[in-house]
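Some notes on the structure that comes next.
The values are calculated or read from the model by the stated rules, or taken from the named source; none is laboratory data. Remember, it's a predicted structure, so these values are computed and weren't measured experimentally. Here the Cβ positions follow ideal geometry from the backbone for every residue, glycine too, while neighbour counts run over all protein chains shown.
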């Protein structure tokens, strides 16, 4: 199955095309990543763009214990004035991603970018049927910031603050028919991310915090689950459950897949000990799930 993943799959990519130079090579996490530049119209030197690729790959490698595929290609286009856009991942003809960078983009812009890490997370999970697109985007939405915390590119407070602000977009609305049957942007990205958060918490509660979603996703990837492979969703979830010694993923899918499940987010944040206070994020070390909250952001051994 061909998969286009990202916020603007299928968007036209502008920029000056030219005869391709030999790709530059980035080696990280046991992988070889070939980086090609489809335009020379960047204010930034190529080294800055290669460093950006390396940092995104380093974050994904930290979360998965290695880069999720042995070889990948990144094609960088020039589009617009500033910033990163139009990330698309694909598993046909090898693993590759194309992504656009504005001509006037700065190093600071690249340091704040989340999109390339998001796209590389897509490499780590098998391609799904269209109705399960929420799990692909949900994993990428959930894992990307945590992976960046694990290499020091974000703080845990920043990530929990973003969840406090955005996770409600994944809740079901009137007429919702479950994650498999409700293909809105909010349910696809943030509904999938909410599934991941609940799965992470559930696995950690069932294992006394010894394992989490990170262990399940690593196991799926180690079993050959990459963007190049077509798997039934049940195979992926059962593989993750086996690695974490329970049935959390399958049971959660049975609850949320075909019917709406309303989650009491204020109560969940209180259990985790996360709150907004005077414009910043405050943590309650005495909260019932404070240990789970802290473990979610830590790199697995």
_Consider the range 176-219. How many of its residues are in a helix (DSSP H, G or I) and either touching a residue at least 40 places away in the same chain (Cβ under 8 Å) or farther than 17 Å from residue 263 by Cα (or both)?_
28
*Looking at the range 220-235, which of the residues that are more than 16 Å from the chain's Cα centre (by Cα) and assigned to a helix (DSSP H, G or I) is farthest from residue 198 (Cα to Cα)?*
222
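In the range 255-298, what residues are at positive phi and in contact with a helix residue (DSSP H, G or I) (Cβ under 8 Å, 6 or more places away or on another chain)? Spell out the reasoning first.
Residues of the range 255-298 at positive phi: 273, 278-279.
Result: 273, single match.
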*Considering 160, 134, which residue is in a helix (DSSP H, G or I), modelled with pLDDT of 95 or more and touching a strand residue (DSSP E or B) at 6+ places or on another chain (Cβ under 8 Å)?*
160
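Which residues, counting only those in the range 143-157, are in contact (Cβ under 8 Å) with a residue 24 or more places away in the chain and not in a helix (DSSP H, G or I)?
Step one: of the range 143-157, the residues in contact (Cβ under 8 Å) with a residue 24 or more places away in the chain are 143-151, 153, 156-157.
Of everything in the range 143-157, those that are in contact (Cβ under 8 Å) with a residue 24 or more places away in the chain and not in a helix (DSSP H, G or I) turn out to be 151, 153.
Among 289, 217, 213, which is over 23 Å from residue 68 (Cβ atoms) and modelled with pLDDT of 95 or more? Let's see the steps before the verdict.
Details: 217 fails: over 23 Å from residue 68 (Cβ atoms); 213 fails: over 23 Å from residue 68 (Cβ atoms).
From the options 289, 217, 213, the qualifying one is 289.
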_Considering only the range 264-283, I want to know if a residue exists there that is surrounded by fewer than 19 Cβ atoms within 10 Å (Cβ to Cβ) and under 20 Å from the mean Cα position of the chain (by Cα)._
no
